[in-house]
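Chemist: Following this message is one structure expressed as structure tokens.
The values are calculated or read from the model by the stated rules, or taken from the named source; none is laboratory data. None of the values given here were measured: they were computed from a predicted structure. With ideal geometry, Cβ positions are generated from the backbone for all residues, glycine too; neighbour counts draw on all protein chains shown.
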Amino acid sequence: MPHHLDNILQQTCPTIMVPRFGNLERLTENGHRFLAADTGLWLEVHRPWVHIIWPMALQFSVAMPYGTLEPSIQFAFDSLPLEMLTKFREDARKTLPNESAAWITWNDQTREFAYRPLAATSAGAAHLKLDRPALNDNEHLVIDIHSHARIPAFFSPEDNEDDDGEVKLSVVVGQLGSDQQSNTKLRLCANGLSIPSAEMRAVTEFRFNGDTIQ
């Protein structure tokens, strides 16, 4: 007889067999689940601002009696608020030589973005400690953005630790010195998966128009 705690876990975060002949009903509630497809194990994530289906562990050696999936990322908006990313660059230059950070949130009722600078409890040229602000009703963290001051943008081990387990777009802006051309790195974080910008572009009509995001 199954343990009652296993029953709770399986109800909260089930593993679904993808139908070979029928249609898979997409996840509509906030949360995530695992999908057993003919090519291996996939992750499905739903938030008010994004729906993701992405491979976790692909295999092609063993024939599995399940249906086929394709990578999918569907956003509730058409493009990033580029003016807010520009605003962050301007703000980040003012904090040099220290790093700085901000959140860009999205309200699922008004369908509007908001720019929220974050207060640092400790900041330097290569480190940043922050207070996480409370969000209002219907407000969701979409973009977690921080600067690397004068060094190039990249995702550090500390960034990987901060992003682990979250669902958000993670952005790093670097080379913010007055004599430098800034650069930007972006990835989609999904419960431990990290989806690079180039792979996002390949499966979505989401627009990065006019920006130098990589």
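Chemist: Being hydrophobic (A, V, I, L, M, F, W, C), assigned to a loop (DSSP other than H, G, I, E, B) and either touching a helix residue (DSSP H, G or I) at 6+ places or on another chain (Cβ under 7 Å) or modelled with pLDDT of 95 or more (or both), is that true of even one residue in the stretch 175-192? Working first, answer last.
Modeler: Step one: list which residues in the stretch 175-192 are hydrophobic (A, V, I, L, M, F, W, C), which gives 176, 186, 188-190.
Subsequent filtering for residues that are assigned to a loop (DSSP other than H, G, I, E, B) retains 176.
Those still in the list that are either touching a helix residue (DSSP H, G or I) at 6+ places or on another chain (Cβ under 7 Å) or modelled with pLDDT of 95 or more (or both) too: 176.
Yes, some residue in the stretch 175-192 is hydrophobic (A, V, I, L, M, F, W, C), assigned to a loop (DSSP other than H, G, I, E, B) and either touching a helix residue (DSSP H, G or I) at 6+ places or on another chain (Cβ under 7 Å) or modelled with pLDDT of 95 or more (or both).
Chemist: I'd like to verify a number: residues in the stretch 23-39 that are under 16 Å from E70 (Cα atoms) and in contact (Cβ under 8 Å) with a residue 24 or more places away in the chain, how many?
Modeler: 8
Chemist: Still on this structure, please answer the following. Provide a single number: the residues in the stretch 36-73 that are in a loop (DSSP other than H, G, I, E, B) and either among the acidic types (D, E) or not assigned by TED's automatic domain parsing to the domain that holds T12 (or both). Give the steps one after another, and end with the answer.
Modeler: First, pick out the residues of the stretch 36-73 that are in a loop (DSSP other than H, G, I, E, B): 38-39, 48-49, 59-71.
Now restrict to residues that are either among the acidic types (D, E) or not assigned by TED's automatic domain parsing to the domain that holds T12 (or both): 38, 70.
So the count comes out to 2.
Conditions (1) under 20 Å from I53 (Cα atoms); (2) surrounded by fewer than 12 Cβ atoms within 10 Å (Cβ to Cβ); (3) without any contact (Cβ under 8 Å) to a residue 12 or more places away in the chain, marked per residue:
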{"residue": "A114", "(1), (2), (3)": "no, no, no"}
{"residue": "T121", "(1), (2), (3)": "no, yes, yes"}
{"residue": "L128", "(1), (2), (3)": "no, no, no"}
{"residue": "A134", "(1), (2), (3)": "no, yes, yes"}
{"residue": "H146", "(1), (2), (3)": "no, no, no"}
{"residue": "F154", "(1), (2), (3)": "no, yes, no"}
{"residue": "P196", "(1), (2), (3)": "yes, no, yes"}
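Chemist: Sticking with this one: Among L141, L135, L169, which is closer than 24 Å to Q74 by Cα and touching a Cys at 6+ places or on another chain (Cβ under 9 Å)? Working first, answer last.
Modeler: Numbers: L141 fails: touching a Cys at 6+ places or on another chain (Cβ under 9 Å); L135 fails: touching a Cys at 6+ places or on another chain (Cβ under 9 Å).
Answer to the selection: L169.
Chemist: May I pose another question? Test N98 against the criterion of being closer than 28 Å to D179 by Cβ and either assigned to a loop (DSSP other than H, G, I, E, B) or in contact (Cβ under 8 Å) with a residue 24 or more places away in the chain (or both), and give yes or no. Walk me through how you get there before you give the answer.
Modeler: Details: closer than 28 Å to D179 by Cβ: yes; either assigned to a loop (DSSP other than H, G, I, E, B) or in contact (Cβ under 8 Å) with a residue 24 or more places away in the chain (or both): yes.
So N98 passes the test.
Chemist: Would you pick out the residues in the stretch 101-118 that are in contact with a Leu (Cβ under 7 Å, 6 or more places away or on another chain) and part of a loop (DSSP other than H, G, I, E, B)?
Modeler: To start, the set of residues in the stretch 101-118 that are in contact with a Leu (Cβ under 7 Å, 6 or more places away or on another chain) comprises 101-103, 105, 118.
Selection gives L118 alone.
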